[in-house]
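The values are calculated or read from the model by the stated rules, or taken from the named source; none is laboratory data. This structure is a prediction, so every number in the text was calculated from the model and none was measured. Heads up, the Cβs are rebuilt from the backbone with ideal geometry, glycines too, and the neighbour counts pull from every protein chain shown.
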Amino acid sequence: MLFNSLTFAVFFAVVLALWYAIEPWRGRKAMLLVASYVFYAAWNPPFVLILWLSTVIDWFAARWIFAAKTAWHRRMALLLSLVVNLGLLGFFKYGGFLVENFSALCGALGIDFQPAAPDIILPIGISFYTFETISYTIDVYLKRCEPFRSFLDYGLFLTFFPHLVAGPILRPNEVVPQFERAHRATSTALGWGLFLILVGLFEKVVVADTLLAASAEAVFHADQPLAALDAWVGVLAFSGQIFCDFAGYSTCAIGAALCFGFAFPDNFRFPYAAIGFTDFWRRWHISLSRWLRDYLYVPLGGNRRGPIRTYVNLMLTMLIGGLWHGASWNFVIWGGMHGVYLVVERLLREHGPRVAALERPAGRAFLGLFTFFLVCLTWIFFRASDLDGALALFGAAFSGGGAAVLPTQEIIVVMVTMGGILATHWAMRDRTLEEVTGRAPVVVLTAAAVVMLCGLLLAQGSGDAFIYFQF
């Protein structure tokens, strides 16, 4: 059930009507939990059992950790949670990848090993809810929070449908108080939530799917060497597509939750206006980057054990972050490139010369565009279907000499669209959407809503699933 579908529109309207029709707070939450399971089951009903297993195991594991009298019992309860959740994630997401690479290793050693082809279907959203439930048991273990008092609240924390399949990745302390206190969305919050859903759908359907997806698809699936211009236009198209697709989903999720009276944290803050890669990861997929920081980078030692260990920790964190996105060496390379960027940036800040010109507005703009250029290079490996395709496109971008596959009209559309995205990010770099809309006249907001709604009605998007559903 996709946010950009008529089925979801009907589902959302029915659930929202029931939410405001049911009076008891516990009854409303129970209805929302059932609706969330229906939402998830719409993709593949048997996978609800895996979600239930994670829910039940971690509910009891957290309570055992909290009640344990000895450190050994606390560690065993945490180990149970980690083994079950990471085991499920490893089997479904990385089982085929491990078998494939083990077979390749055997072949390199002269061993004839030909396993049966694995037939494993990846449960949608498993990476997201696994990280959420692991953070819960770890937080209880570290005494950052106490276990949920209500199993209903805990189940809703994991399965609330707006964030279930692609985030934002929530923390217990962000939602527990909201679940415990009976409340409804104010008329202002409801209107803002619906407006955010409209913005998110516009980003996904009009910008990502209609204006950019076809050009990115043509370039990344080209079966011949490409001209340099076409290669770069395709990379730019995907850079815009991946942002508008994923930020569009997050905006829809935040807006949908707000319609029920629940506040989710921001997941994107205009990342293509980032100056440097530390800044980029404070703006891109914020809930994942802070999860990696708090549950991986900091436990590894962070920057507390000297510069060499800091650089190693940065690389490990980004390599694992890349692998989290998918069972492919392309994602590992993508994460590794970001790790190298962060290490080099840290080295330059600590040991490089101070360049006054780069601190002026023109210099900061240059650094921002250079950051965006390097981010675009990483998207080549993120989007390409295999390593050979990524290397071929990388070579085409810097050497060219191949065929032109994009019509002039498509090139213009991509360049104008990406120009608009970059200009918007820079204009909004130090602002929030709430701040800007709060100051805008009602007539301007109404006109913007009408334009976006007309765009949705006229768009020729394919209605494809959001890109991050595959992770």
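For (1) part of a helix (DSSP H, G or I); (2) surrounded by 12 or more Cβ atoms within 10 Å (Cβ to Cβ), each residue gets a yes or a no:
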residue	(1), (2)
ILE411	yes, yes
VAL414	yes, yes
THR417	yes, yes
GLY420	yes, yes
THR424	yes, yes
ASP430	no, no
GLY438	yes, no
LEU445	yes, yes
ALA448	yes, yes
>> Tell me the residue from PHE3, PHE66 that is in contact (Cβ under 8 Å) with a residue 24 or more places away in the chain, of a type outside the set (A, V, I, L, M), at negative phi and not assigned by TED's automatic domain parsing to the domain that holds CYS145, please.
In response: PHE3
>> For the range 450-460, give me each residue that is surrounded by fewer than 16 Cβ atoms within 10 Å (Cβ to Cβ), at pLDDT below 90 and of a type in the set (A, V, I, L, M, F, W, C).
In response: LEU457, LEU458
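Residues checked against (1) in a helix (DSSP H, G or I); (2) within 20 Å of GLY248 (Cα to Cα); (3) touching a Gly at 6+ places or on another chain (Cβ under 9 Å):
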| residue | (1), (2), (3) |
| --- | --- |
| TRP284 | no, yes, no |
| LEU296 | yes, no, yes |
| PRO299 | no, no, no |
| THR310 | yes, no, yes |
> Could you list, in sequence order, the residues of the range 378-409 that are of a type in the set (A, V, I, L, M) and surrounded by fewer than 17 Cβ atoms within 10 Å (Cβ to Cβ)?
Replying inline: LEU387, LEU391, ALA403, ALA404
>> Consider the range 48-93. How many of its residues are surrounded by fewer than 17 Cβ atoms within 10 Å (Cβ to Cβ), aromatic (Phe, Trp, Tyr) and under 22 Å from PHE128 (Cα atoms)?
In response: 3
> Checking SER127 against (1) surrounded by 12 or more Cβ atoms within 10 Å (Cβ to Cβ); (2) under 17 Å from TRP329 (Cα atoms); (3) not charged (D, E, K, R), which single condition isn't satisfied?
Replying inline: (2)
> When only residues in the range 3-42 that are among the small types (Gly, Ala, Ser) and part of a loop (DSSP other than H, G, I, E, B) count, which is nearest to GLY125 (Cα to Cα)?
Replying inline: ALA42
> Among ASP294, ASP245, ASP266, which is among the charged types (D, E, K, R), crowded, with 22+ Cβ neighbours inside 10 Å and at negative phi?
Replying inline: ASP245
>> Quick check on my filter: what residues within the range 51-105 are polar (S, T, N, Q) and either at pLDDT below 85 or farther than 30 Å from PHE161 by Cβ (or both)?
In response: THR70, ASN101, SER103
>> Regarding the range 458-466, can at least one residue be identified that is among the hydrophobic types (A, V, I, L, M, F, W, C), in the same structural domain as PRO271 (by TED's automatic domain parsing), in a helix (DSSP H, G or I) and over 30 Å from ILE124 (Cα atoms)?
In response: no
> Based on what the data block shows, is LEU347 of a type in the set (A, V, I, L, M, F, W, C) and at pLDDT 95 or above?
Replying inline: no
> What tally of residues in the range 347-364 results from selecting those that are assigned to a helix (DSSP H, G or I) and without any contact (Cβ under 8 Å) to a residue 40 or more places away in the chain?
Replying inline: 11
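Residue-by-condition table, conditions (1) within 30 Å of ILE22 (Cα to Cα); (2) among the hydroxyl-bearing types (Ser, Thr, Tyr):
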{"site": "LEU109", "(1), (2)": "no, no"}
{"site": "SER127", "(1), (2)": "no, yes"}
{"site": "PHE131", "(1), (2)": "no, no"}
{"site": "ILE138", "(1), (2)": "no, no"}
{"site": "CYS145", "(1), (2)": "no, no"}
{"site": "ARG149", "(1), (2)": "yes, no"}
{"site": "LEU152", "(1), (2)": "yes, no"}
{"site": "HIS163", "(1), (2)": "yes, no"}
{"site": "ALA182", "(1), (2)": "yes, no"}
> Which residue, of GLY255, GLY248, is in contact (Cβ under 8 Å) with a residue 40 or more places away in the chain, touching an Asp or Glu at 6+ places or on another chain (Cβ under 6 Å) and in a helix (DSSP H, G or I)?
Replying inline: GLY248
